[in-house]
Amino acid sequence: DAGVIQSPRHEVTEMGQEVTLRCKPISGHDYLFWYRQTMMRGLELLIYFNNNVPIDDSGMPEDRFSAKMPNASFSTLKIQPSEPRDSAVYFCASSSRDRGGTEAFFGQGTRLTVV
Amino acid sequence: KQEVTQIPAALSVPEGENLVLNCSFTDSAIYNLQWFRQDPGKGLTSLLLIQSSQREQTSGRLNASLDKSSGRSTLYIAASQPGDSATYLCAVEGGSYNTDKLIFGTGTRLQVFP
(Lines give C-alpha, C1' and ligand atoms only; values in the text may rest on other atoms or scores of the structure.)
Protein backbone atom coordinates (compact mmCIF):
# COMPACT_ATOMS: atom_id res chain seq x y z
CA ASP A 1 0.00 0.00 0.00
CA ALA A 2 1.24 3.51 -0.83
CA GLY A 3 0.21 4.80 2.56
CA VAL A 4 -2.07 7.74 3.26
CA ILE A 5 -2.06 10.08 0.28
CA GLN A 6 -2.85 13.76 0.57
CA SER A 7 -3.20 16.39 -2.11
CA PRO A 8 -2.14 18.99 -2.81
CA ARG A 9 1.17 19.06 -0.92
CA HIS A 10 1.23 22.83 -0.96
CA GLU A 11 -1.56 25.35 -1.44
CA VAL A 12 -1.30 29.11 -1.57
CA THR A 13 -4.55 30.99 -1.83
CA GLU A 14 -5.97 34.44 -1.29
CA MET A 15 -8.14 35.29 1.66
CA GLY A 16 -11.80 34.63 0.93
CA GLN A 17 -11.17 31.81 -1.53
CA GLU A 18 -12.43 28.28 -1.08
CA VAL A 19 -9.83 25.63 -0.33
CA THR A 20 -10.33 21.87 -0.64
CA LEU A 21 -7.87 19.39 0.80
CA ARG A 22 -8.02 15.75 -0.21
CA CYS A 23 -7.09 12.49 1.46
CA LYS A 24 -6.97 8.86 0.41
CA PRO A 25 -6.65 6.57 3.45
CA ILE A 26 -4.92 3.21 3.54
CA SER A 27 -7.13 0.56 2.01
CA GLY A 28 -9.04 -1.39 4.65
CA HIS A 29 -8.69 1.23 7.38
CA ASP A 30 -11.99 2.16 8.96
CA TYR A 31 -10.91 5.31 10.81
CA LEU A 32 -9.90 8.59 9.21
CA PHE A 33 -8.66 11.64 11.08
CA TRP A 34 -8.00 15.25 10.04
CA TYR A 35 -5.42 17.17 12.09
CA ARG A 36 -4.05 20.70 11.89
CA GLN A 37 -0.53 21.55 13.00
CA THR A 38 0.77 25.01 13.88
CA MET A 39 3.77 26.21 15.85
CA MET A 40 1.54 27.80 18.45
CA ARG A 41 -0.97 25.01 19.03
CA GLY A 42 0.81 21.85 17.93
CA LEU A 43 -1.32 19.02 16.50
CA GLU A 44 -5.04 19.54 16.89
CA LEU A 45 -7.68 16.98 15.94
CA LEU A 46 -10.32 18.62 13.76
CA ILE A 47 -12.66 15.74 12.97
CA TYR A 48 -12.65 11.99 12.61
CA PHE A 49 -14.72 9.41 10.78
CA ASN A 50 -15.48 5.76 11.45
CA ASN A 51 -16.78 3.72 8.51
CA ASN A 52 -17.32 6.98 6.59
CA VAL A 53 -19.50 8.47 9.32
CA PRO A 54 -18.36 11.63 11.17
CA ILE A 55 -18.02 10.73 14.84
CA ASP A 56 -16.57 13.82 16.48
CA ASP A 57 -16.25 17.23 14.84
CA SER A 58 -15.79 19.18 18.06
CA GLY A 59 -12.33 20.26 16.91
CA MET A 60 -13.58 22.01 13.78
CA PRO A 61 -12.83 25.65 14.56
CA GLU A 62 -15.69 27.35 12.77
CA ASP A 63 -18.55 26.83 10.37
CA ARG A 64 -16.15 27.81 7.60
CA PHE A 65 -14.67 24.33 7.97
CA SER A 66 -16.45 21.24 6.67
CA ALA A 67 -15.37 17.67 6.01
CA LYS A 68 -16.89 14.81 4.07
CA MET A 69 -16.14 11.17 3.49
CA PRO A 70 -18.33 10.00 0.60
CA ASN A 71 -16.71 6.55 0.51
CA ALA A 72 -14.08 4.46 2.26
CA SER A 73 -11.29 5.64 -0.01
CA PHE A 74 -11.72 9.39 -0.09
CA SER A 75 -12.21 12.35 2.22
CA THR A 76 -12.16 16.12 1.79
CA LEU A 77 -11.65 19.02 4.15
CA LYS A 78 -13.03 22.29 2.86
CA ILE A 79 -12.49 25.82 4.12
CA GLN A 80 -14.84 28.48 2.77
CA PRO A 81 -14.02 31.33 2.97
CA SER A 82 -10.37 30.94 3.91
CA GLU A 83 -8.59 33.38 6.24
CA PRO A 84 -4.90 34.03 6.94
CA ARG A 85 -5.21 32.41 10.39
CA ASP A 86 -6.08 29.13 8.66
CA SER A 87 -2.49 28.90 7.45
CA ALA A 88 -1.10 25.63 8.82
CA VAL A 89 -0.14 22.12 7.85
CA TYR A 90 -3.16 19.85 7.58
CA PHE A 91 -2.64 16.14 8.11
CA CYS A 92 -4.85 13.22 7.33
CA ALA A 93 -4.36 9.91 9.16
CA SER A 94 -6.02 6.51 9.03
CA SER A 95 -6.11 3.48 11.28
CA SER A 96 -7.86 0.17 11.72
CA ARG A 97 -9.06 -1.72 14.79
CA ASP A 98 -9.14 -5.03 12.95
CA ARG A 99 -5.59 -5.92 13.86
CA GLY A 100 -6.21 -5.47 17.55
CA GLY A 101 -4.17 -2.34 17.70
CA THR A 102 -5.03 1.06 16.37
CA GLU A 103 -1.71 2.21 14.98
CA ALA A 104 -2.32 5.43 13.09
CA PHE A 105 -0.57 6.25 9.83
CA PHE A 106 -0.20 9.80 8.62
CA GLY A 107 -0.02 11.38 5.21
CA GLN A 108 2.68 13.86 4.27
CA GLY A 109 0.39 16.79 4.92
CA THR A 110 -0.85 19.80 2.98
CA ARG A 111 0.88 23.08 3.77
CA LEU A 112 -1.76 25.78 3.40
CA THR A 113 -0.85 29.44 3.14
CA VAL A 114 -3.63 32.01 3.00
CA VAL A 115 -2.46 35.48 2.01
CA LYS B 1 -10.15 16.00 29.47
CA GLN B 2 -7.03 14.06 28.48
CA GLU B 3 -3.85 16.15 28.45
CA VAL B 4 -0.50 14.92 27.21
CA THR B 5 2.77 16.55 28.22
CA GLN B 6 6.26 15.90 26.92
CA ILE B 7 9.50 16.76 28.66
CA PRO B 8 11.94 18.12 27.70
CA ALA B 9 10.68 20.39 24.92
CA ALA B 10 14.10 20.37 23.28
CA LEU B 11 17.26 18.37 23.69
CA SER B 12 20.70 18.71 22.10
CA VAL B 13 23.25 15.94 22.67
CA PRO B 14 26.48 14.64 21.16
CA GLU B 15 26.42 11.52 19.05
CA GLY B 16 26.59 8.24 20.97
CA GLU B 17 24.63 9.26 24.04
CA ASN B 18 21.72 7.23 25.36
CA LEU B 19 18.58 9.35 25.64
CA VAL B 20 15.30 9.28 27.53
CA LEU B 21 12.27 11.22 26.33
CA ASN B 22 9.30 11.52 28.67
CA CYS B 23 5.57 11.59 28.05
CA SER B 24 2.87 11.94 30.70
CA PHE B 25 -0.91 11.84 30.44
CA THR B 26 -3.62 12.82 32.89
CA ASP B 27 -6.24 10.12 32.27
CA SER B 28 -4.85 6.62 32.71
CA ALA B 29 -7.82 4.80 31.11
CA ILE B 30 -6.11 4.64 27.71
CA TYR B 31 -6.30 1.98 25.03
CA ASN B 32 -2.79 2.50 23.76
CA LEU B 33 0.09 4.93 23.41
CA GLN B 34 2.01 5.62 20.24
CA TRP B 35 5.37 7.30 19.62
CA PHE B 36 5.95 9.18 16.38
CA ARG B 37 8.85 10.86 14.70
CA GLN B 38 8.46 14.00 12.60
CA ASP B 39 11.23 15.38 10.40
CA PRO B 40 11.10 19.09 9.45
CA GLY B 41 8.49 19.72 6.79
CA LYS B 42 7.40 16.09 6.76
CA GLY B 43 4.56 13.97 8.05
CA LEU B 44 4.55 11.77 11.13
CA THR B 45 6.16 8.35 11.09
CA SER B 46 4.96 5.78 13.58
CA LEU B 47 7.80 4.35 15.69
CA LEU B 48 6.20 2.20 18.36
CA LEU B 49 2.70 1.31 19.53
CA ILE B 50 2.17 0.07 23.10
CA GLN B 51 -1.17 -1.50 23.93
CA SER B 52 -2.64 -0.76 27.35
CA SER B 53 -1.91 -4.34 28.46
CA GLN B 54 1.76 -4.10 27.52
CA ARG B 55 4.66 -2.67 29.50
CA GLU B 56 7.12 -2.02 26.69
CA GLN B 57 7.92 -2.32 23.01
CA THR B 58 11.26 -2.41 21.26
CA SER B 59 12.37 -1.63 17.73
CA GLY B 60 16.08 -1.57 16.99
CA ARG B 61 17.70 1.10 19.15
CA LEU B 62 14.32 2.32 20.40
CA ASN B 63 12.56 1.07 23.50
CA ALA B 64 9.29 2.51 24.78
CA SER B 65 7.83 1.72 28.17
CA LEU B 66 4.37 2.35 29.54
CA ASP B 67 3.22 2.74 33.15
CA LYS B 68 -0.52 3.26 32.87
CA SER B 69 -1.20 3.66 36.56
CA SER B 70 1.19 6.57 36.87
CA GLY B 71 0.29 8.03 33.47
CA ARG B 72 3.80 7.87 32.06
CA SER B 73 5.73 6.60 29.08
CA THR B 74 9.37 6.88 28.19
CA LEU B 75 11.13 6.52 24.86
CA TYR B 76 14.69 5.32 25.23
CA ILE B 77 17.08 5.87 22.31
CA ALA B 78 20.33 3.96 22.56
CA ALA B 79 23.59 5.15 21.00
CA SER B 80 22.07 8.23 19.40
CA GLN B 81 23.08 9.23 15.87
CA PRO B 82 22.77 12.50 13.91
CA GLY B 83 20.07 10.80 11.83
CA ASP B 84 17.92 10.60 14.97
CA SER B 85 17.53 14.39 14.90
CA ALA B 86 13.80 15.10 14.62
CA THR B 87 10.78 15.95 16.72
CA TYR B 88 9.38 13.05 18.73
CA LEU B 89 5.70 13.04 19.60
CA CYS B 90 3.70 10.77 21.83
CA ALA B 91 -0.03 10.29 21.47
CA VAL B 92 -2.60 8.44 23.55
CA GLU B 93 -5.84 6.90 22.45
CA GLY B 94 -8.72 6.45 24.86
CA GLY B 95 -9.48 7.78 28.28
CA SER B 96 -12.57 8.07 30.41
CA TYR B 97 -14.19 10.58 28.06
CA ASN B 98 -12.11 9.99 24.98
CA THR B 99 -12.75 6.95 22.85
CA ASP B 100 -11.10 6.70 19.46
CA LYS B 101 -9.21 9.97 19.29
CA LEU B 102 -5.44 10.27 19.33
CA ILE B 103 -4.41 13.11 21.64
CA PHE B 104 -0.90 14.40 21.02
CA GLY B 105 1.75 15.90 23.24
CA THR B 106 3.66 18.99 22.14
CA GLY B 107 6.76 17.02 21.23
CA THR B 108 10.45 16.91 22.06
CA ARG B 109 12.76 18.45 19.47
CA LEU B 110 15.95 16.38 19.42
CA GLN B 111 19.25 17.40 17.88
CA VAL B 112 22.16 14.96 17.83
CA PHE B 113 25.40 16.54 16.73
CA PRO B 114 28.48 14.69 15.45
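The values are calculated or read from the model by the stated rules, or taken from the named source; none is laboratory data. Only a predicted model underlies this, so the values are computations on that prediction, with no experimental measurement involved. Glycine also receives a Cβ, built like all others from the backbone with ideal geometry; neighbour counts cover every protein chain displayed.
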Matching option when the condition is touching a residue at least 12 places away in the same chain (Cβ under 8 Å) and either surrounded by fewer than 18 Cβ atoms within 10 Å (Cβ to Cβ) or part of a loop (DSSP other than H, G, I, E, B) (or both), among B:E93, B:E17: B:E17
Unique match (being under 25 Å from A:R85 (Cβ atoms) and more than 14 Å from chain B (Cβ to nearest Cβ)) among A:E11, A:E44: A:E11
Extreme residue, surrounded by the fewest Cβ atoms within 10 Å (Cβ to Cβ), among residues of the range B:96-114 that are under 16 Å from the mean Cα position of the chain (by Cα) and not in a loop (DSSP other than H, G, I, E, B): B:Q111
Test: residue in the range A:16-26 that is loosely packed, with under 12 Cβ neighbours inside 10 Å and within 15 Å of the chain's Cα centre (by Cα): no
Single match in B:Y97, B:Y88 (criterion: more than 9 Å from chain A (Cβ to nearest Cβ) and modelled with pLDDT under 95): B:Y97
Boolean, A:S58 is more than 8 Å from every other protein chain (Cβ to nearest Cβ) and farther than 19 Å from A:E14 by Cα: yes
Any hit, the range A:88-97, residues being crowded, with 18+ Cβ neighbours inside 10 Å, modelled with pLDDT of 95 or more, within 14 Å of A:H29 (Cβ to Cβ) and more than 14 Å from chain B (Cβ to nearest Cβ): no
Checking A:T76 against (1) within 12 Å of chain B (Cβ to nearest Cβ); (2) at pLDDT 90 or above, the condition it does not meet: (1)
Which numbered condition A:E103 misses (of (1) under 17 Å from B:Q34 (Cβ atoms); (2) in contact (Cβ under 8 Å) with a residue 60 or more places away in the chain): (2)
Total residues in the range B:2-34, condition more than 14 Å from chain A (Cβ to nearest Cβ) and either small (G, A, S) or under 19 Å from A:E44 (Cβ atoms) (or both): 8
The range A:40-81, subset of a type in the set (S, T, N, Q) and in contact with an Asp or Glu (Cβ under 7 Å, 6 or more places away or on another chain), residue nearest to B:K1 (Cα to Cα): A:N50
Unique match (being part of a strand (DSSP E or B), in contact with a Cys (Cβ under 8 Å, 6 or more places away or on another chain) and either farther than 29 Å from B:F113 by Cα or among the hydroxyl-bearing types (S, T, Y) (or both)) among B:S65, B:S46, B:S73: B:S73
Residue within the range A:27-41 that is more than 23 Å from B:E93 (Cα to Cα), assigned to a loop (DSSP other than H, G, I, E, B), polar (S, T, N, Q) and touching a residue at least 40 places away in the same chain (Cβ under 8 Å) present: no
Residue within the range B:35-54 that is hydroxyl-bearing (S, T, Y), away from every other protein chain (no Cβ under 11 Å), surrounded by fewer than 16 Cβ atoms within 10 Å (Cβ to Cβ) and in contact (Cβ under 8 Å) with a residue 24 or more places away in the chain present: no
Odd one out for B:A79 among (1) closer than 25 Å to A:M39 by Cα; (2) hydrophobic (A, V, I, L, M, F, W, C); (3) surrounded by fewer than 17 Cβ atoms within 10 Å (Cβ to Cβ): (1)
